Amino acid sequence: MRFVFADSMDYVDPAYDFVADRNGKNRSVQKDDEYPHEFFESAPYDGILVSRGIVGDVFRNGKYTIAQTMRFRREGARKFLRYHEERFPGSMMMGDCGAFTYRNLTKPPYSADDTVEFYADGEFTHGCAPDHLIFDFDDEGTKRSSTEVPPAVLDRFEITLQNASEFRVAAKRLGRRFTPMGVVQGWSASSMATAAVALVRMGYSYLAVGGMVPLRINQICRALAAIREAIPSRVKLHALGFGKIESLADIERYGVASFDSTSPLVRAFKDAHKNYWARDPQGGLSYYTAIRIPQATENNRLKAMALEGKVDQEHIRGLERAALAGVRGFSKREADLDEALNAVMSYWAQLNWTGENSPTKNSQAIERQRKTYARTLEGRPWELCKCRVCSEGGVEALIFRSSNRNKRRGFHNLKVLHDHLREHRTGQR
């Protein structure tokens with residue numbers, strides 16, 4: 001099962017100064033930065049997915065600037081991302097339309113023809129037909145027919161299949177420049193199986209199963225089981241936007257050939273607890289919580305409290321410096337665990353102060369947080385990992401602070417997952 005990273009302009013400044021918390025001198029965004037596959041000696045994934053909705057165009061804004069969008073269209077995906085086939089042979093350069101970005105529209109803003117042109121010009125190896133998200137999904141035991149679902153749901157189902165039909169024709173007319181992928185959408189396991197059968201009849205040999213983000217793992221498995229039972233084993237399946245990394249073994253049993261995800265990177269700064277990933281002695285994945293020491297002058301809550309006169313900004317900055325010094329001192333074995341935790345928790349108390357109902361007035365909440373941070377520091381995971389993030393940054397990889405630092409931790413997570421999958425594949429041979 002191949003891991004495809006869904007890129008969203010995720011790169012870091014290799015010259016970032018952790019102590020001063022600033023970028024390298026004269027840094028040019030993106031051009032001087034490094035993507036995960038540049039940061040490490042080998043790519044921490046088997047391919048990259050780029051969404052049209054992220055790139056944007058003259059009609060719809062994406063995350064790219066106008067200049068970046070124009071350069072992407074001119075240079076192609078691999079050159080823009082510096083993900084060259086010569087260095088990464090056999091890697092997937094996959095595209096989709098980013099259905100979530102236009103979920104509120106009655107129909108996708110992209111046609112089959114212009115989507116084929118986008119993939120061909122971008123030199124993609126795989127490209128998904130324009131689809132439309134369906135957010136409904138029947139509970140087990142419920143089975144609604146096409147006449148029983150809301151008209152808007154049925155419209156999205158039919159639009160997705162019609163687009164796939166037109167996309168297949170347009171791709172065939174172009175010649176074999178990339179592998180076209182039909183997208184499966186549906187409101188139930190059986191409707192998704194029906195869509196998959198229709199796509200195979202159109203001539204698709206690689207299907208991308210969509211609408212997975214809001215589904216529970218048991219719903220995803222029901223859908224995959226129904227799809228796999230309905231189509232030939234030669235037809236490959238790709239799981240779009242699969243974020244439930246702990247359940248990869250559950251979807252692999254249905255013959256899923258590939259999946260895309262941003263989960264390892266995003267959890268580095270959006271998950272409440274699982275920010276730093278590691279391998280446990282049994283070969284599985286384990287997790288640590290990053291220690292939150294945000295910049296006092298940049299934190300919106302602290303700035304608001306300072307303006308209201310509730311805190312003294314210089315005092316807060318002193319607590320921030322003490323927290324950083326405590327964690328760094330512990331890392332160098334110049335401070336003991338309690339010293340480091342006392343400094344961190346003093347700053348944490350100010351960060352979470354909200355008046356009489358503040359969590360800092362709840363001794364149980366304080367103790368839980370202290371134990372969580374103690375586990376991270378006592379474990380010293382940064383010393384056990386030899387990746388570039390940890391070997392260069394050390395404990396800085398475990399400090400939840402600036403974007404450059406947090407994304408580095410996300411890069412580390414990508415590598416941990418990819419190494420885990422690679423060893424699993426080797427063990428299956």
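The values are calculated or read from the model by the stated rules, or taken from the named source; none is laboratory data. Only a predicted model underlies this, so the values are computations on that prediction, with no experimental measurement involved. Cβ sites come from the backbone with ideal geometry, for glycine too, and all protein chains shown count toward neighbours. SASA here: full protein model, heavy atoms, side chains in, ligands and nucleic acids out. Shrake-Rupley method; radii C 1.70, N 1.55, O 1.52, S 1.80 Å.
If R0 is 35 Å, the Cβ-Cβ spacing of L174 and R22 corresponds to a FRET efficiency of close to 0.15.
Charge dipole of the chain (Cα centre as origin; +1 on each Lys and Arg Cβ, -1 on each Asp and Glu Cβ, all else neutral): 440 debye, rounded to the nearest 20.
The label point for L384 and the one for V213, both projected 7 Å from the Cα toward the Cβ, are 3.3 nm apart. Only the Cβ atoms of Lys and Arg (+1) and of Asp and Glu (-1) were treated as charged; on that basis the dipole of region 389-429 about its Cα centre amounts to roughly 160 debye. Just the Cα atoms of region 362-429, one point each, no solvent: what log10 I(q)/I(0) does Debye give at q = 0.22, 0.24 Å⁻¹? Per q value, in the given order, log10 I(q)/I(0) is -0.95, -1.02. Just so you know, the averaged projected area of the alpha carbon convex hull for region 85-142 sits at 6.3 nm². Nonpolar atom fraction for the chain, defined as the carbon and sulfur part of the 1.4 Å probe accessible area, stands at 49 percent. Can you give the FRET efficiency to the nearest 0.05 for M70 and D336, using r as the Cβ-Cβ distance and R₀ = 51 Å? FRET efficiency, M70 to D336: 0.40. Considering only DSSP states other than H, G, I, E and B, which trypsin sites (Lys or Arg not before Pro) in region 258-320 qualify as loop sites with at most 15 other Cβ atoms within 10 Å? Filter output for region 258-320: K310. Scattering from region 53-211 was approximated by placing one identical point on each alpha carbon and applying the Debye formula without solvent; log10 I(q)/I(0) at 0.16 1/Å stands at -0.91.
For the chain, the spherically averaged projection of the C-alpha convex hull amounts to 24.0 nm². The calculated Kirkwood hydrodynamic radius for region 284-323 is 11.5 Å, given to one decimal from all distinct C-alpha pairs. Taking S91, S42 and ordering them by how much accessible surface each has at a 1.4 Å probe, largest first, produces S42, S91.
Once the Cβ-Cβ distance of E123 and N61 is raised to the sixth power relative to R0 = 30 Å, the FRET efficiency obtained is 0.80. In the chain, taking the dipole from charged Cβ atoms about the Cα centre, the farthest positive-side position among W382, S247, F178 is held by F178.
Scanning residues 5 or more positions from R22 or on other chains, those with amide H under 5 Å from its amide H are D17, with H placed 1.01 Å from N in the peptide plane. For the chain, the Cys residues with no second cysteine's beta carbon closer than 4.7 Å are C97, C128, C221, C387.
Once both labels are positioned 7 Å from their Cα atoms along Cα-to-Cβ, the gap between T297 and A257 label points is 5.3 nm.
Distances between every pair of Cα atoms in region 117-228, grouped in 10 Å steps from 0 to the bin holding the largest one, split as 15, 46, 29, 10, 1 percent. Between A152 and R321, the simple spin-label model (points 7 angstrom out along Cα→Cβ) gives 5.5 nm. Gain on full extension, evaluated as 0.36 nm per residue between A15 and R201 minus their Cα-Cα distance, stands at 61.7 nm.
On a per residue basis, region 1-74 carries 48 Å² of accessible surface, using protein heavy atoms and a 1.4 Å probe.
The residues packed around L105, meaning those with a beta-carbon under 11 Å from its beta-carbon, carry a net charge of +4 if Lys and Arg are +1 and Asp and Glu are -1.
In summary, the helical segments of the chain meeting the span-like criteria, namely a full DSSP H run, a Cα extent along the axis of 30 angstrom or more and a mean Kyte-Doolittle hydropathy of at least -1.0, are 151-174. Compactness of region 203-271 was expressed as the Cα radius of gyration divided by 2.2 N^0.38 Å, which yields 1.13. Taking the DSSP bridge list for the chain and keeping only pairs wholly inside it, about 15 percent are antiparallel. With 0.36 nm allotted per residue and the present C-alpha distance subtracted, the R103-D419 stretch has 110.3 nm of extension available. A simple count of charges around P151, restricted to other residues whose Cβ falls under 15 Å of its Cβ and scoring Lys, Arg +1 and Asp, Glu -1, yields -1. For region 95-111, 3J(HN,Hα) computed residue by residue from phi via the Karplus equation (6.51, -1.76, 1.60; θ = phi - 60°) reads x, 9, 8, x, 4, 5, 5, 10, 4, 8, 7, 6, 8, x, x, 10, 9 Hz, glycine and proline entered as x.
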